[in-house]
Amino acid sequence: MPGTSGTRRTPRGLETRSRIVDSAAKLFYVKGVNATTLDDVRLASSTSKSQLYNHFEDKLALIHAVIDVQSKFVLAREEQRLRGVKTLTGLRRWRDALVQANSLQDGSYGCALGAMSIELSDNDEQSRQALNTSFDAWLRMLVETLTRLRVLGVLAEDADPQRLGTGLLAALQGGYVLAQNAHSSEPMAVALDMALNHIESFARS
């Protein structure tokens, strides 16, 4: 069957598949999943219809592959940024990196995972579950970071990493949406600052 996971791929075939997924990821991010057609992906990736359908039997299969690739990228980026955070200043630097990246595109497009979640979660259960797994992993990184700050004595014992991490991730995702609509990173900066101000209220004096 075309595009099935059990199909053996040559190095050239794997390169073609990667090019298709990368092109689709960029189009989904800029245009949106629903507005992007398979013909758009084919043209962007310089592949024929037969090549595309050899790797993906339909658009939904391609969407699932893009979710996997985007999730790995975002989570690897966040793991790298958060693993060394041992102070509240370090947490502010994490915030600054996100806001700066968002400002480079004037707030447009939003979070790659969040944007797909808005379009797909009510329409495709497999996509919803995959994206939910990714957000759970992102939340765990934030909770681990806040737990580390509490263990190091930066935050007081009554600080709840789970609740604070949930609020921080919600502020980030909501900030992405507001920034996208405003075409400005300012709403995102404000949302993150409010969440971080609350976290810093638990700082040990």
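Take the Cβ atoms of E200 and I118, set R0 to 30 Å, and the FRET efficiency comes out at 0.50.
List the GluC sites (Glu not before Pro) within segment 1-90 that DSSP assigns to loop and that have no more than 15 neighbouring Cβ atoms inside 10 Å. Passing sites in segment 1-90 are E57. How much accessible area per residue does segment 89-195 have, counting only protein heavy atoms and a probe of 1.4 Å, in square angstrom? On a per-residue basis, 48 Å². The alpha carbons of the chain give a radius of gyration and a Dmax of 19.3, 65 Å, in that order.
Within the accessible area of segment 124-201, the carbon and sulfur atoms contribute 53%, probe 1.4 Å, all protein chains present.
Placing one equal scatterer on every Cα of segment 97-205 and applying the Debye formula, the log10 ratio I(q)/I(0) at q = 0.12 Å⁻¹ is -0.47.
Kirkwood radius for segment 10-131, taken over all pairs of different Cα atoms as the inverse mean of 1/r, rounds to 15.8 Å.
The values are calculated or read from the model by the stated rules, or taken from the named source; none is laboratory data. In this text, all values refer to a predicted model and were calculated from it rather than measured experimentally. Neighbour counts run over all protein chains shown; Cβ positions are idealised from the backbone, glycine included. The area values use the complete protein model at the heavy-atom level, side chains included, leaving out ligands, DNA and RNA. Shrake-Rupley method; radii C 1.70, N 1.55, O 1.52, S 1.80 Å.
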